[in-house]
Amino acid sequence: MEVDDVSVREQLFHNRVRETFICVLLFTCLYILSYLILTHFKKNADYVTGDVEDATANKIALWLCTFTLSVAVCAVLLLPISILSNEVLLIFPHSYYMQWLNGSLIHGLWNLVFLFSNLSLVFLMPFAYFFTESEGFVGCKKGVMARVYETAVVLLLLTLLVLGMVWVFVALLNNHSARESLYDMWEYYLPYLYSAISLCGVLLLLLCTPFGLSRMFSVTGSLLVKPRLLENVEVEMNCAAFEEASLSRTLNPSLLTGRLTALSTVVLVLIILSPPEMRRRASPWQRNLFYPLAMLLLLALTVACVLMVCFHVLELLFDETAMPSGMGDPRLGTASFSMFGSLGAAVQVVLILYLMVSSVVGFYSSPLFTSLLPRSQDTNLTQIIGNCVSLLVLSSALPVFSRTLGITRFDLLGDFGRYNWLGNFHIVFLYNILFAGLTSACLINTLTWAVQGELIRAFGLHKLPLTVSRTTIPLKLLLANGLSKIQ
């Protein structure tokens, strides 16, 4: 009997060591990737200043931002890793090489992401911001530790202020619960605060994702060579060459030869990078196949998201299990989380990642957050902190967002399923209705304006003066103009 107990304890110990090693290895890879991303955008002048103290403070803040960004990336990968792990165990149920992939590992990963995301959002990012802005208390010796002391005091006061405001808000809603929260802060007060933060993140996703889904078409179109109806690329290239020659003739002949050559080089580069030149250099496959396929793929993904949300609305009306809920023990490898098997699970993963990318595009495209858009080698530390906080809020709310919309049936693990508002039918139902309505409206608006713009550009109406109304042009004139361009 003792031998069996020892073997069980050894097995538990080895499993724990293996899970810890896998989590550390995954987080290390994500940390390195996040550091490379931040290094690409950071302003190097902030870290090579003459003041050693400021440079050290900026480096410490950058390390904290790297940690936060790696947690955000890990939060994005939570649901895809969980869904794919379940499908892999269904395909290889008795494989010796897949024994490390189990429910305990996935559950521990969810708990770590929840812990680190709240730690970064509540403590690390405020600490990084106040640490870079602090100088130490008056009369104390200057240095890094003086900044640490001042930042710790400011954080303590800020924590007391936030806790007091939330407690007052709870007291206004339920006086009895507010009194209990004073004696049981860990079990009631902090989960309530986490629930409020997650609700803010999910609401932010509700606003950014529909707008981002519509913006994905224009962003993708700017990266690809766009085919133009009834357009002659050679004519546009000749016009660009004439403009370059005219600019060269209008230059002052007394300019130095070096300056003239440099200006001509700049003009030549601009012509080469212009859309007509890019279309002329592109192959017929790139001009006529890649762009339509990309647009059709984006349209199919967007329509699939809307249809799944509409189907989930019907499920909410007739099936109680459609409500998002928490799952204590994930039994992976027992059944697929999609009615279409592995193919449906792969589609779920693609849709989840597509929604995350769309939410980021919508976030940076909105007028309120355009100033946060990072620029290569020209993003100061304050902007980096703001970007890391924003991405962490969006990514940590992605699992709840996907499960609330019914994109996947994988229930939330750990503390992600303890949010108070998840069990409210009216909030979940209204959330699905708003998402489907906003996404449909943005998609219809984008498609109609895109078709109208292409038709106007194809018939050459964009070259008309602003005083001429395009609606007053007869249809026969439009058709004649189009036939002349084809000929």
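The values are calculated or read from the model by the stated rules, or taken from the named source; none is laboratory data. In this text, all values refer to a predicted model and were calculated from it rather than measured experimentally. All Cβ positions, even for glycine, are placed from backbone atoms using ideal geometry, and neighbour counts span all protein chains on display. Surface areas here come from the heavy atoms of the whole protein model, side chains and all, with no ligands, DNA or RNA. Shrake-Rupley method; radii C 1.70, N 1.55, O 1.52, S 1.80 Å.
Taking into account only those residues within segment 407-435 that are at pLDDT below 85 and not in a helix (DSSP H, G or I), which is surrounded by the fewest Cβ atoms within 10 Å (Cβ to Cβ)?
Among residues in segment 407-435 that are at pLDDT below 85 and not in a helix (DSSP H, G or I), the one surrounded by the fewest Cβ atoms within 10 Å (Cβ to Cβ) is ASN424.
Output the residues belonging to segment 341-394 that are within 30 Å of LEU307 (Cα to Cα), hydrophobic (A, V, I, L, M, F, W, C), crowded, with 17+ Cβ neighbours inside 10 Å and touching a residue at least 60 places away in the same chain (Cβ under 8 Å).
Matches in segment 341-394: ALA345, VAL349, ILE352, LEU355, MET356, VAL360, VAL361, PHE363, LEU391, LEU392, VAL393, LEU394.
Mind telling me which of the residues VAL113, VAL17, VAL52 ends up being under 30 Å from LEU405 (Cα atoms) and either in contact with an Asp or Glu (Cβ under 8 Å, 6 or more places away or on another chain) or β-branched (Val, Ile, Thr) (or both)?
Working: VAL17 fails: under 30 Å from LEU405 (Cα atoms); VAL52 fails: under 30 Å from LEU405 (Cα atoms).
Just one listed residue meets the conditions, VAL113.
Any idea which residue in segment 324-344 is modelled with the lowest pLDDT, counting only those that are among the hydrophobic types (A, V, I, L, M, F, W, C) and in contact with a Leu (Cβ under 7 Å, 6 or more places away or on another chain)? Spell out the reasoning first.
Quick first cut of segment 324-344, residues among the hydrophobic types (A, V, I, L, M, F, W, C) only: 327, 332, 335, 337, 339-340, 343.
Then drop every residue that is not in contact with a Leu (Cβ under 7 Å, 6 or more places away or on another chain), which leaves 327, 332.
Working: MET327: 63, LEU332: 75.
Among them, the one singled out is MET327.
LEU121 passes all but one of (1) within 19 Å of SER395 (Cβ to Cβ); (2) open to solvent by less than 20 Å² (accessible area, probe 1.4 Å); which number fails?
Tallying (1) within 19 Å of SER395 (Cβ to Cβ); (2) open to solvent by less than 20 Å² (accessible area, probe 1.4 Å), LEU121 fails exactly one: (2).
Please determine whether any residue of segment 378-401 is of a type in the set (Ser, Thr, Tyr) and farther than 19 Å from SER198 by Cβ. Give the steps one after another, and end with the answer.
Restricting attention to segment 378-401, the residues satisfying the condition of being of a type in the set (Ser, Thr, Tyr) are 379, 382, 390, 395-396.
Applying the additional criterion that residues be farther than 19 Å from SER198 by Cβ yields 379, 382.
There is at least one residue in segment 378-401 that is of a type in the set (Ser, Thr, Tyr) and farther than 19 Å from SER198 by Cβ.
Search segment 145-173 for residues that are under 30 Å from ASN58 (Cα atoms) and pair each with any residue that is open to solvent by 40 Å² or more (accessible area, probe 1.4 Å) and at pLDDT below 85 when their beta-carbon atoms are under 6 Å apart and the residues are at least 6 apart or on different chains.
ALA146/CYS140; GLU150/PHE137
Here's a check for you: in segment 36-73, which residue that is open to solvent by 60 Å² or more (accessible area, probe 1.4 Å) and farther than 18 Å from ASP378 by Cβ is modelled with the highest pLDDT?
Looking at residues that are open to solvent by 60 Å² or more (accessible area, probe 1.4 Å) and farther than 18 Å from ASP378 by Cβ, I get TRP63.
When you look at VAL138, is it open to solvent by 60 Å² or more (accessible area, probe 1.4 Å), modelled with pLDDT under 75, more than 26 Å from ASN387 (Cα to Cα) and in a helix (DSSP H, G or I), yes or no? Write out each step before concluding.
Numbers: open to solvent by 60 Å² or more (accessible area, probe 1.4 Å): yes; modelled with pLDDT under 75: yes; more than 26 Å from ASN387 (Cα to Cα): yes; in a helix (DSSP H, G or I): no.
The answer is no for VAL138.
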